[in-house]
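See structure below.
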Amino acid sequence: MNFHKKGWVSSPAISDIVVLGKLCRYGFFTRHGGVSSGIYESLNFGFDSGDEEHAVLENREIVKEKLGLDTLLLARQVHGKKVYTLDTPLSGDTQVDGYDSLVTNRKGVGLVIQNADCQAILFYDPGKQVIGAAHSGWRGSVANIAAETVSTMEKEYGTNPADLKVVVSPSLGPCCAEFVNYPKEFPAEFQQFIVAENYFDFWQVTRHQVQECGVKRANILISGICTSCSGDYFSYRRACREGDGRTGRNCSVITLD
């Protein structure tokens, strides 16, 4: 698979950048190293979280500098399954509304997923030089946004799923993924991923879904870090346990060089 890891979210400030093949880099950023304050301390990426706009903008500039990028493509995520394909140049940071997955073959653009327990699933096709980034909470898993992303890469760019490398961000782990209403919310097939009463392993849900698309198991890397447990990440679940649920958003970015 040839994942070359310079580091794995090990920095106490911001995650190190990981090289995924020769021409692709990604970063799973912690909540540290930014300028936001209070409950949003400090690298909050989300405008809709309640943080001050100028702080979020400065945090985004910090991430771009870290990655050496001029432009970011973001989505106003809605827990759906629509995929946005970027095939034209960007003049500056751009947000598209109503999408939960982004795909492009354009170099120098950072595809951004914002999350606070949901998964960022990053995709790289080293043959066709195409990348994708999907936002997948439990609703995204039910809708199988991962499969929608792979299908779009196949249709638009000729991707062979067997060539894909897939990386899953720090996100809600099986230790904390309690869903008491799962009989009404989840398909019956998800019961194979129950690890305790009402607890599910959504990391393995994603592994299963991308493998069903034809991605090789050896080409799937899961960070294994639970955002609800780790204070290094923003977490909606933890914010609900400790307060009123308000929290910032982590960011995951993938780019082609």
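What's the number of the only condition in (1) under 19 Å from Tyr124 (Cβ atoms); (2) within 15 Å of the chain's Cα centre (by Cα) that Lys107 fails to meet?
(2)
Residue-by-condition table, conditions (1) of a type outside the set (A, V, I, L, M, F, W, C); (2) open to solvent by 40 Å² or more (accessible area, probe 1.4 Å); (3) over 15 Å from Gln114 (Cα atoms); (4) out of contact with any Leu (no Cβ under 6 Å at 6 or more places or on another chain):
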residue	(1), (2), (3), (4)
Thr30	yes, no, no, yes
Val35	no, yes, yes, yes
Tyr40	yes, no, no, yes
Leu43	no, no, no, yes
Gly50	yes, yes, no, yes
Glu53	yes, yes, yes, yes
Leu57	no, yes, no, yes
Arg60	yes, no, no, yes
Lys66	yes, yes, yes, yes
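Would you tally the residues in the range 221-232 being surrounded by fewer than 20 Cβ atoms within 10 Å (Cβ to Cβ) and assigned to a strand (DSSP E or B)?
Qualifying residue count for the region: 2.
Could you please find all residues in the range 110-129 being over 15 Å from the mean Cα position of the chain (by Cα) and surrounded by fewer than 24 Cβ atoms within 10 Å (Cβ to Cβ)?
Our first condition is that a residue be over 15 Å from the mean Cα position of the chain (by Cα); within the range 110-129, this holds for 125-129.
Of everything in the range 110-129, those that are over 15 Å from the mean Cα position of the chain (by Cα) and surrounded by fewer than 24 Cβ atoms within 10 Å (Cβ to Cβ) turn out to be Pro126, Gly127, Lys128, Gln129.
Out of the residues in the range 233-257 that are under 29 Å from Val109 (Cα atoms) and outside any loop (DSSP other than H, G, I, E, B), which is most open to solvent (accessible area, probe 1.4 Å)? Spell out how you get there, then give the answer.
Taking the range 233-257 first, the residues under 29 Å from Val109 (Cα atoms) are 233-236, 247-257.
Narrowing further to those that are outside any loop (DSSP other than H, G, I, E, B): 236, 250-256.
On the way: Tyr236: 121, Asn250: 5, Cys251: 2, Ser252: 4, Val253: 1, Ile254: 0, Thr255: 0, Leu256: 2 Å².
Restricting to residues being under 29 Å from Val109 (Cα atoms) and outside any loop (DSSP other than H, G, I, E, B), the top hit is Tyr236.
Among the residues of the range 136-153, how many are of a type in the set (Lys, Arg) and open to solvent by less than 30 Å² (accessible area, probe 1.4 Å)? Talk me through it step by step, then tell me what you get.
Looking only at the range 136-153, we keep the residues that are of a type in the set (Lys, Arg), and these are 139.
With open to solvent by less than 30 Å² (accessible area, probe 1.4 Å) added as a condition, the list becomes none.
Counting residues in the range 136-153 that are of a type in the set (Lys, Arg) and open to solvent by less than 30 Å² (accessible area, probe 1.4 Å) gives 0.
Assuming Leu122 fulfils every condition listed in (1) free of Cβ contacts under 8 Å to residues at least 12 places away in the same chain; (2) under 23 Å from Gln204 (Cβ atoms) apart from one, which condition is it?
(1)
Output the residue which, of all residues in the range 183-203 that are part of a loop (DSSP other than H, G, I, E, B) and more than 20 Å from Ser223 (Cα to Cα), is most open to solvent (accessible area, probe 1.4 Å).
The first filter runs over the range 183-203 and keeps only residues part of a loop (DSSP other than H, G, I, E, B), leaving 186-187, 197-198, 201.
With more than 20 Å from Ser223 (Cα to Cα) added as a condition, the list becomes 186-187, 197-198.
On the way: Phe186: 18, Pro187: 46, Glu197: 152, Asn198: 38 Å².
Checking each candidate, the answer is Glu197.
May I ask you to list pairs of residues, at least six apart or on different chains, whose Cβ atoms are under 8 Å apart, with the first in the range 196-211 being closer than 15 Å to Ser171 by Cβ and the second being basic (Lys, Arg) and open to solvent by 40 Å² or more (accessible area, probe 1.4 Å)?
Sorted first by the residue in the range 196-211, then by its partner, the pairs are Arg207/Arg217.
The values are calculated or read from the model by the stated rules, or taken from the named source; none is laboratory data. Since the model is a prediction, treat every value here as computed from it, not as a measurement. Because the Cβ atoms are built from the backbone with ideal geometry, glycine has one as well, and the counts that use them run over all protein chains shown. Protein only, heavy atoms only, side chains kept; ligands, DNA and RNA dropped before computing areas. Shrake-Rupley method; radii C 1.70, N 1.55, O 1.52, S 1.80 Å.
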